[in-house]
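Q: Structure provided below as structure tokens; questions to follow.
The values are calculated or read from the model by the stated rules, or taken from the named source; none is laboratory data. Predicted, not measured: the structure shown is a model, and the values here were computed from it. Please note: Cβ atoms are built from the backbone with ideal geometry, for glycine as well, and neighbour counts cover all protein chains shown. In case anyone asks, the SASA skips ligands and DNA or RNA and just uses the protein heavy atoms, side chains included. Shrake-Rupley method; radii C 1.70, N 1.55, O 1.52, S 1.80 Å.
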Amino acid sequence: MAIRVYNTLTKQKEEFRPLREGEVRMYVCGPTVYDYTHLGHARTYIAFDVIRRYLEHRGYTVLMVMNFTDIDDKIIRRANETGEDPKELAEKFLRYFLEDMKALKVKPADIYPRVTEHIQDIIDFVRKLQEKGYAYEGNDGVYFEVRKFKDYGKLSGIKLEELVKGARVEPGEGKKNPEDFALWKKAKPGEPKWESPWGEGRPGWHIECSTMSTKYLGESFDIHGGGNDLIFPHHENEIAQSEACTDHEWVRYWLHTGFVMVSGEKMSKSLGNFVTIRELLQKYSPEVIRFFVLQKHYRSPLDYTEEGIQHAKNNLERLYNTLENIRVAMEKADVAFRWDEEEFELYETVREARKKFYDAMDDDFNTAEALKAVFEVSNAVNRYLTKVKKPKESVLKKALEFFKIISEVFGLFEDYFKEQKAGDEEALIELLVSVRAELRKQRNFTLADKIRDELKALGIQLEDTPQGTIWKRISV
Ligand code: AMP
Ligand code: ZN
């Protein structure tokens, strides 16, 4: 079945057909790095992580780009408040962000373009807009002339007339019309600045995403995402800039995440009602946070409460419990000399759940529905294990394979699957290495060499070094 995605641009679910067969090019707006990452950000990045993992699971090569806004009004303001250098402040929070994402098992983007490393590309983009008559220079910067772009408003549905009504040009501002936005800001004293054809200054916010996404993903690409709050003006302005530049459609599918809410309000830095990832990780495991996020569809609002997270923790524990039960049962399970009704019942539940999982994920990445299928399998496994005296390995494996898919796509149960494979294997290799050392001490070189040679045939190479024997994996 084909994957269907809700496209903010067309306001409907559409069949997902990437531009190049077998490949998805995807851009997600990254953070402005001036403070710690909070749960609202994490929700958005976990959601896109799962979308990316699912596309990869379905066989696509995904090229993923996420920018870092490492120069911006907010960064300069915060640096002035704390007395730090804006560059250092941005660097610090950028690194914290990467650490937080790693902790949350969000797969890293392939490219993380930073604004400060793409100033020349941005200048070239602005010049092109100027040459094409979409941009003009004012006393304090270069502006995009919104009314020249005929399709303005197509993403957010905002009409130019409405925009003009509520706004006015402030005294001292160099723009012609209230709806115009800055592509380049001329430097005020003491602000970070770069040379440009319009004198010293720095890029506006929206232009960075048009420039850097196009640079790495091409003049048209498949998915562009971010939180709901970015639809207007950020993404609307990105479309205006990019399509004005190329005269053709830029992004095929626009995906937006719902907000994390606290008592009816958006979790945000400015409202101060946020909980940072670092705080949460002191009390909960990364997988609890992922589970909490995935219990809701990515476009729905997600209410943050302590009880909600606690509830997610309990549910995740239930699933871990089931996995543990499977592990214990597998240890004593035998090959199946026969299957009875109980085996077929569990088999059918897993088969149906697998289908439900894929149907849910194909339907605009509905993780909430997909998780229901996981609980169905979990309950069925536990029922099976209480019912039968001698559980059959083969049918338990079917359940385990299902959990493995969930692990890969949702980034859950990772420790369980890793531990089981790597942990056992490494301990056994260490054991053989020490037995071989003992044999050598006893001058039993024939047997010692046999261990070395047979391990090598399995892809494990032993090397005797002055510090003792080390082992490496090699491709055989
Ligand atoms: P910012 O650094 O504020 O530009 O935010 C980075 C990303 O996090 C953007 O895609 C925002 O839309 C998203 N975001 C910020 N706050 C929330 C929230 N409360 N819920 C969901 N996403 C959010
Ligand atoms: Zn952006």
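Q: Would you mind getting the accessible area per residue of the chain, heavy atoms of the protein chains only, 1.4 Å probe, in Å²?
A: That works out to 48 Å² for each residue.
Q: Taking square-rooted eigenvalues a ≥ b ≥ c of the alpha carbon gyration tensor, is region 314-358 rounded, prolate or oblate, where a/c under 1.5 means rounded and, failing that, a/b exceeding b/c means prolate?
A: The shape class here is oblate.
Q: Let me ask something additional. Round to a whole number: what % of the accessible area of the chain belongs to carbon and sulfur, probe 1.4 Å? Working shown, then result.
A: Working: 11370 of 22930 Å².
After summing per-atom areas, the C and S share lands at 50 percent.
Q: Something else: Over 21 Å between Cα atoms, which of Lys105/Lys296; Lys13/Lys165; Lys418/Lys450; Lys74/Lys188; Lys332/Lys389; Lys332/Lys398 qualify?
A: Flagged as over cut-off: Lys13/Lys165; Lys418/Lys450.
Q: Grab every C-alpha pair in region 423-473, bin the distances at 10 angstrom width from 0 up to the longest one, and report whole percents.
A: 25, 61, 13, 0
Q: Okay, helix-only estimate at 222 nm for the chain: each DSSP H run of n ≥ 4 adds -39500 (n - 2.57), divide by all residues, round to 500 deg cm²/dmol; what do you get?
A: The per-residue figure over the chain is -16000 deg cm²/dmol.
Q: Could you give log10 I(q)/I(0) at q = 0.07, 0.08, 0.09 Å⁻¹ for the chain, computed by the Debye formula over C-alpha point scatterers of equal weight, without solvent?
A: Log-scaled intensity ratios, in q order: -0.49, -0.62, -0.75.
Q: Using the Cα centre as the reference, give the magnitude of the dipole from point charges on the C-beta atoms of the chain (Lys, Arg: +1; Asp, Glu: -1; all else neutral), rounded to the nearest 20 debye. Intermediate values should be presented prior to the final figure.
A: Details: 75 positive and 83 negative charges, 144 e Å.
With Lys and Arg at +1 and Asp and Glu at -1, about 700 debye.
Q: Follow-up question, since we're still on this one. For region 1-33 and region 117-187, what is the separation of their Cα centres, given in Å?
A: The distance from the Cα centre of region 1-33 to that of region 117-187 comes to 27 Å.
Q: Looking at the square roots a ≥ b ≥ c of the eigenvalues of the Cα gyration tensor of region 251-366, which shape do they give, rounded for a/c under 1.5, prolate if a/b is larger than b/c, or oblate?
A: Cα axes put region 251-366 in the oblate bin.
Q: Follow-up question, since we're still on this one. Could you tell me how many degrees, from 0 to 90 and to the nearest 10, lie between the Cα long axis of helix 119-131 and the main elongation axis, the longest principal axis, of the Cα atoms of the chain?
A: Value to nearest ten degrees: 50.
Q: While we're looking at this one, here's another question. Under Stokes-Einstein, with the Kirkwood radius over Cα pairs standing in for Rh, what whole-number D in µm²/s applies to region 279-321 at 10 °C and 1.306 mPa s?
A: So the translational diffusion coefficient is about 149 µm²/s.
Q: Another question, if that's okay. Report, in degrees rounded to the nearest 10, the 0 to 90 angle that the Cα long axis of helix 39-57 makes with the longest principal axis of the chain.
A: That helix lies at roughly 60 degrees to the long axis.
Q: Taking Cα centroids, how far is region 247-278 from region 286-305 in Å?
A: 13 Å
Q: Continuing with the same structure: Relative to the longest principal axis of the C-alpha atoms of the chain, give the angle of the C-alpha long axis of helix 445-457, reported between 0 and 90° and rounded to the nearest 10°.
A: Between the helix axis and the principal axis of the chain, the angle is about 40 degrees.
Q: Something else now. Once a ≥ b ≥ c are taken as the square roots of the eigenvalues of the Cα gyration tensor of region 47-120, is the result rounded (a/c under 1.5), prolate (a/b larger than b/c) or oblate (a/b not larger than b/c)?
A: Note, shape of region 47-120 comes out prolate.
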